[in-house]
Amino acid sequence: MSENSNQFLDALKQMQGVEVGDIVDVEVLDIEDGQIDVGVENAGVEGVITRREYTSDRNADLRDLVKPGDKFKALVLRRAGGDKENGEFFFSVTRLKEREAYDKLQKDFEDGNAVEGTVTSSVRGGLIVDVGTRGFLPASLISNRYVSDLKPYIGKTMKLKITEIDPNKNRLILSHKDLVEEEREEAFDKVASQLVVGDVVEGKVSRLTNFGAFIDVGGVDGLVHISEISYKHVDKPSDVLKVGQDVKVKVIGIDNDRHRISLSIKQTEPSPFEQATADLNEGDIFEGEVKSLTNFGAFVEVADGIQGLVHVSGISNKHVDKPSDVLKVGQSVKVKVLNIDPSDRRISLSIKAADSNASSENHNSRPRRSRNENSVNKKYMSDNDNGFALGDIIGDQLKDRK
């Protein structure tokens with residue numbers, strides 16, 4: 001093309017007042033299959049808008065969307081090539097909307113504002129979201145929990161945070177997880193400020209896992225570990241709890257740094273030890289069965305599954321080298337309750353103290369309770385939970401050697 005031709009085209013463009021990149025007012029002249037014929041107002045310039053430059057719906061019928069005489073703004077994309085170098089241009093409405101959307105999104109990103117978008121489809125690795133323009137929501141940023149199925153999100157409107165934006169590359173990365181975490185922290189601070197360790201509150205089971213149950217307490221989930229669900233052995237939380245179930249829980253821990261609340265269901269109920277010793281008092285004398293013998297003493301059953309310790313020094317008024325020298329497993333013996341320690345679940349017993357009181361008519365003697373009274377399933381406590389502390393036993397032995 002000659003220099004004179006270039007000068008003519010430049011002069012023509014200037015006369016028309018339309019340049020690539022301009023935003024202009026256009027009027028619909030005609031609708032053809034796959035494109036809209038438009039004219040630029042007050043410029044004497046005509047051009048076309050293809051279907052994809054007007055709507056993201058590739059199957060849309062343009063006649064259902066616009067009609068001759070409609071007016072709107074459009075972005076000047078480029079001059080028509082080939083034999084159409086007569087001033088005709090291609091225009092775009094979708095790219096104008098994207099440009100306007102990016103301008104707003106850029107400001108929201110800088111100000112840290114949340115945006116709202118509708119999930120239009122799922123792709124490998126995440127979701128496509130319409131926030132005025134096309135954005136990508138990675139699967140790892142959908143929730144603070146693992147999401148395996150993306151399909152239920154399609155069509156949903158979500159609040160999102162912008163984590164990355166680059167208009168030049170049409171790159172927009174979104175996150176719902178960040179917003180969830182922010183809201184969760186705010187809710188945690190509010191709820192945690194009203195709770196104290198030891199509080200017993202009402203909650204609702206919101207989610208079950210293999211390791212425990214999450215309980216909604218005032219809008220925040222606290223965790224009941226599987227070991228804190230029941231005094232009985234629990235294989236799976238779902239065996240004893242259901243989502244939506246109302247439960248009473250005790251606050252056993254608040255971690256402000258990690259925003260976690262630890263709860264217990266079983267601690268809202270009397271423990272097997274407390275149930276078994278509810279009517280047992282210090283000074284009581286009753287018959288009990290020897291369940292096991294050790295070098296330091298004998299374990300005597302107080303109630304089903306609950307045992308107390310008769311230290312070797314409390315077996316007889318005579319010196320006893322080994323408990324097995326004077327006692328046998330299964331033997332019935334009369335014992336006196338010396339001490340009950342609910343916090344450590346220990347019961348200290350004495351055979352010789354019961355014998356020394358046997359001749360007194362005023363002692364607080366009573367028959368051994370039947371297995372049906374305050375019965376506690378042995379599964380509630382381990383075989384090694386016998387209500388004593390090894391340190392106390394060693395201490396007693398050292399005391400005897402003085």
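The values are calculated or read from the model by the stated rules, or taken from the named source; none is laboratory data. Predicted model only: the values in this text are computed from it and were never measured. Neighbour counts run over all protein chains shown; Cβ positions are idealised from the backbone, glycine included. To get the accessible areas, we keep the full protein, side chains included, count just its heavy atoms, and leave off ligands, DNA and RNA. Shrake-Rupley method; radii C 1.70, N 1.55, O 1.52, S 1.80 Å.
The table for this structure:
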{"quantity": "Whichever residue in segment 157-183 is within 21 Å of the chain's Cα centre (by Cα) and surrounded by fewer than 16 Cβ atoms within 10 Å (Cβ to Cβ) and, among such residues, is nearest to LEU96 (Cα to Cα)", "calculated": "LYS159"}
{"quantity": "So ARG58, is it within 46 Å of the chain's Cα centre (by Cα) and either open to solvent by 30 Å² or more (accessible area, probe 1.4 Å) or more than 26 Å from ASN168 (Cβ to Cβ) (or both)", "calculated": "yes"}
{"quantity": "Yes/no for LYS322 being under 30 Å from GLU269 (Cβ atoms) and modelled with pLDDT of 90 or more", "calculated": "no"}
{"quantity": "Some residue of segment 384-396 being aromatic (Phe, Trp, Tyr) and either over 16 Å from GLU282 (Cβ atoms) or at pLDDT 90 or above (or both)", "calculated": "no"}
{"quantity": "Strands (runs of 3 or more DSSP E) contained in segment 263-359 and holding at least 2 residues in contact (Cβ under 8 Å) with a residue 24 or more places away in the chain, more than 30 Å from VAL200 (Cβ to Cβ) and touching an Asp or Glu at 6+ places or on another chain (Cβ under 7 Å)", "calculated": "285-294, 332-341"}
{"quantity": "Neighbours by Cβ (under 8 Å, 6+ apart or cross-chain): first from segment 196-210, small (Gly, Ala, Ser); second in a loop (DSSP other than H, G, I, E, B) and open to solvent by 90 Å² or more (accessible area, probe 1.4 Å)", "calculated": "SER206/VAL243"}
{"quantity": "Any hit, segment 222-243, residues being part of a loop (DSSP other than H, G, I, E, B), open to solvent by 60 Å² or more (accessible area, probe 1.4 Å) and under 30 Å from GLY330 (Cα atoms)", "calculated": "yes"}
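Residues checked against (1) modelled with pLDDT of 85 or more; (2) at positive phi; (3) open to solvent by less than 20 Å² (accessible area, probe 1.4 Å):
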site	(1), (2), (3)
ASN4	no, no, no
LYS13	no, no, no
GLY17	no, yes, no
ASP22	yes, no, no
VAL26	yes, no, yes
ILE36	yes, no, yes
GLY39	yes, no, yes
ARG51	yes, no, no
